[in-house]
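Following: one structure in structure tokens, then a few remarks.
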Amino acid sequence: MPKQLRVYPTVCQSAYCGRGKCDGCPNLPELESFKRWRTETAAVKADPIWCPTVWTATRAEGAV
């Protein structure tokens, strides 16, 4: 499986968002897509200290 990385949506981080609630946010589809990918690929943070927003897939997308 090729290594697959994704970054948590920057616009959804507290320093950029500041809303606290996602209702009506135009970035909600991007956040939901990221969360779905994270669940489907069992993604993990390879280095939570230096790269806390970078996630690495541990299985192929769509694999069970």
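Just so you know, all these numbers are worked out from the coordinates, no wet-lab data involved. Here the structure is a predicted model, which is why all the values come from computation and not from measurement. Cβ placement follows ideal geometry from the backbone for every residue including glycine, while neighbour counts extend to all protein chains displayed.
Applying 0.36 nm per residue to the separation of Leu5 and Cys51 and subtracting their alpha-carbon distance, the gain on full extension is 15.4 nm.
The C-alpha atoms of the chain define a longest principal axis, and helix 28-40 lies at about 20 degrees to it. Return the FRET efficiency for the residue pair Thr39, Ala15: r is the Cβ-Cβ distance, R0 is 30 Å, and the value is rounded to the nearest 0.05. For Thr39 and Ala15, the calculated efficiency is 0.75. Kindly provide the Kirkwood hydrodynamic radius of the stretch 1-40 in Å, to one decimal, from all pairs of distinct alpha carbon atoms. The answer is 11.3 Å. Computed from backbone phi, the HN-Hα couplings of the stretch 9-22 come to x, 4, 5, 9, 7, 4, 5, 9, 7, x, 7, x, 10, 9 Hz, rounded to whole numbers (Karplus: 6.51 cos²θ - 1.76 cosθ + 1.60, θ = phi - 60°; Gly and Pro given as x).
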